[in-house]
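What follows is one structure encoded as structure tokens, with my remarks underneath.
The values are calculated or read from the model by the stated rules, or taken from the named source; none is laboratory data. Since the structure is predicted, the reported quantities are computational estimates derived from the model, not experimental observations. Using ideal geometry, Cβ is built from the backbone for each residue, glycine included, and neighbour counts are taken over all protein chains shown. Remember, those area values only see protein heavy atoms, side chains included, never the ligands or the DNA or RNA. Shrake-Rupley method; radii C 1.70, N 1.55, O 1.52, S 1.80 Å.
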Amino acid sequence: MTASQQQGLDATIAMSSEDHEDNEPSSSRDLSCIQDSLPGIAHRVFRKTAQNNKLCLYLGNRDVVVSNNSSTKIHGIVLVEPDLLRDTKKKVFGQITLTFRYGREDEEVMGLKFCNEAIMCLAQIYPPHENAQREQNTPLQEMLIQRLGSNAHAFSMEITHLAPPSVQLVPAKEYNGAPIGTSYDIRVYIAERADEKLQRKNIVKMGIKVVQMASAPPPPTPTPRSEQPKGWRQRGPQATSEKPFLLSDGKVTLEANLDKAIYTHGDPIHVNISVKNTSKKAVRRIKVFIVQHVDVCMFSNGKFKNTVASDECTDVPIPGNGGSLEKEYLLHPIKARTKNWIALEDSLGSTANKSEGTLSSTVVCVSPEDRNVFAIYVTYYVKVKLLIGAMGGQMSLKLPFTLMHTPSNTYPTECKDASCGSLGPCLMVDTKEAPMTSEEQCTNNLAL
């Protein structure tokens, strides 16, 4: 299919860009959609066009889910102009590249680069390699090939399950350069050999995201209500701490628990605390807050913490000699101004210091032997701190939990085109990904 034919096809497509603001970054939410055999259901599709408008990449999903000992595959379509392959030596290659940026771009001087790259997967898309294993096309790929014509070629790529998840680090100071942290992109290009020097006009590059999924916890064991304090839920992490005093009788007992161990983004964190004071000292202050702990493996001192939610108890002081308190706190972890670098979800190439961002999901290391030098590990925990008066000092405890996404490989949505039933399968492509401006091309293909 030539460029003019593709433009004619796009002219007959019902555009979905009116549903998104122009300044909204590309993500898994502002996709295109292609209707399947079920009426009223559509699948979203990403599109990116090369500088020469002769090479176009289509992806049905930009999220690679890594869990246990497996990872999901990237399925896509490459639309190539026939004149690019007139030379029989020319081939279409695809690769998934990991980019780890560990410094600010505006501080790179005299040829110094704070960026490393690693090729995670390399494949020959067209013509297929003689030793390559043939895979069956997905229904979405078949539908795209049917609409785009014989110049559309399907491919599937996969990375190892040990690949570090995508994490974007945002400095405390204002920063407008390339995103810092671990990011991935898929690159498709025309060349005679996979390792030859590339020309930007023959390259199309699209960011993807690697997400680590946590396994669901086992169902909780029912507990009689008579055996637990009022308002407590014994389903999540629990901890107990006691503080005796050297020169006085009695002690302060602090108990806390969460309603569950794994939370999805947007869920409130329910923290239940119980304080019993049998000493002669009063509890002057109670503070509950959520801490994000970030560990950058490449550096020995690359560890920092940020408070992402906090609350203080107003029912103080708690008097001694039998005073007690039972209370539930509701916390919402969100991005806020911090004194240290904060870990956010990969914005797929968008501005790194945007005011609204989603906190990074939990990234855990299974074992010390599996620590990856390109990995950024992120953990969360709730900390409850008590301040005791009359030189009693303070006491605290921690409740770790997991923050994750809900696993989903498809993004169904309703098709708003009233004529879909008569036209058959519809293709609704968001044009934010194609074509790029010359400034965007220089930024996206800087490593090439």
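If you check residue 243 against the conditions, is it more than 30 Å from residue 182 (Cα to Cα), of a type outside the set (Phe, Trp, Tyr) and open to solvent by 30 Å² or more (accessible area, probe 1.4 Å)? Yes. Residues that are under 21 Å from residue 297 (Cα atoms) and not basic (Lys, Arg) were ranked within the range 113-141; the one that is surrounded by the most Cβ atoms within 10 Å (Cβ to Cβ) is 120.
Examine the range 406-414 for a residue that is modelled with pLDDT of 90 or more and either within 30 Å of residue 58 (Cβ to Cβ) or in the same structural domain as residue 313 (by the TED database) (or both), and state whether such a residue exists. I'd like the intermediate steps shown before the answer.
Pass one, the range 406-414, residues modelled with pLDDT of 90 or more: none.
No; the residues of the range 406-414 include none that is modelled with pLDDT of 90 or more and either within 30 Å of residue 58 (Cβ to Cβ) or in the same structural domain as residue 313 (by the TED database) (or both).
Has the range 299-306 got any residue that is over 15 Å from residue 395 (Cβ atoms), assigned by the TED database to the domain that holds residue 396, touching a residue at least 12 places away in the same chain (Cβ under 8 Å) and in contact with a Gly (Cβ under 7 Å, 6 or more places away or on another chain)? Let's see the steps before the verdict.
Here is the first cut: in the range 299-306, the residues over 15 Å from residue 395 (Cβ atoms) are 299-306.
Applying the additional criterion that residues be assigned by the TED database to the domain that holds residue 396 yields 299-306.
Restricting the remaining residues to those that are touching a residue at least 12 places away in the same chain (Cβ under 8 Å) gives 299, 304-306.
If we keep only those that are in contact with a Gly (Cβ under 7 Å, 6 or more places away or on another chain) too, we end up with none.
Taking every residue of the range 299-306 in turn, none turns out to be over 15 Å from residue 395 (Cβ atoms), assigned by the TED database to the domain that holds residue 396, touching a residue at least 12 places away in the same chain (Cβ under 8 Å) and in contact with a Gly (Cβ under 7 Å, 6 or more places away or on another chain).
Which one is farthest from the chain's Cα centre (by Cα) among residues in the range 298-330 that are open to solvent by less than 30 Å² (accessible area, probe 1.4 Å) and either modelled with pLDDT under 90 or farther than 21 Å from residue 361 by Cα (or both)? Spell out the reasoning first.
The first filter runs over the range 298-330 and keeps only residues open to solvent by less than 30 Å² (accessible area, probe 1.4 Å), leaving 302, 306, 308-309, 313, 318, 320, 323, 325, 329.
Adding the requirement that they be either modelled with pLDDT under 90 or farther than 21 Å from residue 361 by Cα (or both) leaves 302, 313, 318, 320, 323, 325, 329.
Working: 302: 20, 313: 33, 318: 42, 320: 47, 323: 45, 325: 39, 329: 27 Å.
Per the criteria, the residue is 320.
Scanning the range 65-86 for residues that are modelled with pLDDT under 90 and part of a strand (DSSP E or B) yields 65, 66, 67, 70, 71.
Checking the range 10-23 against the condition returns no match, with no residue being open to solvent by less than 40 Å² (accessible area, probe 1.4 Å), modelled with pLDDT of 50 or more and not polar (S, T, N, Q).
Only one of the listed residues (158, 107, 130, 117) is without any contact (Cβ under 8 Å) to a residue 60 or more places away in the chain and within 30 Å of the chain's Cα centre (by Cα). That residue is 107. Which of the residues belonging to the range 264-278 are assigned to a strand (DSSP E or B), hydroxyl-bearing (Ser, Thr, Tyr) and closer than 19 Å to residue 397 by Cβ? Answer for the range 264-278, where residues must be assigned to a strand (DSSP E or B), hydroxyl-bearing (Ser, Thr, Tyr) and closer than 19 Å to residue 397 by Cβ: just 274. If you go through the range 49-61 and keep only what is buried (at least 23 other Cβ atoms within 10 Å of the Cβ) and of a type outside the set (Ser, Thr, Tyr), you end up with 50, 56, 57, 60, 61. Against the test of being open to solvent by 10 Å² or more (accessible area, probe 1.4 Å) and either in a strand (DSSP E or B) or aliphatic (A, V, I, L, M) (or both), the options 260, 287, 339, 281 yield a single qualifying residue, 287. Considering only residues of the range 176-192 that are of a type in the set (D, E, K, R) and either free of Cβ contacts under 8 Å to residues at least 40 places away in the same chain or in a strand (DSSP E or B) (or both), which is farthest from residue 113 (Cα to Cα)? That would be 187. Residues that are without any contact (Cβ under 8 Å) to a residue 24 or more places away in the chain and of a type in the set (D, E, K, R) within the range 133-148 comprise 134, 135, 142, listed in sequence order.
Please go through the range 154-175 and give me each residue that is modelled with pLDDT of 90 or more and part of a strand (DSSP E or B), ordered by number. Hits for the range 154-175 are 154, 155, 156, 157, 167, 168, 169.
For every residue, the table says whether it meets (1) open to solvent by less than 30 Å² (accessible area, probe 1.4 Å); (2) basic (Lys, Arg); (3) farther than 12 Å from residue 165 by Cβ; (4) within 20 Å of the chain's Cα centre (by Cα).
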residue: 366; (1), (2), (3), (4): no, no, yes, yes
residue: 369; (1), (2), (3), (4): no, no, yes, no
residue: 373; (1), (2), (3), (4): no, no, yes, yes
residue: 380; (1), (2), (3), (4): yes, no, yes, yes
residue: 393; (1), (2), (3), (4): no, no, yes, no
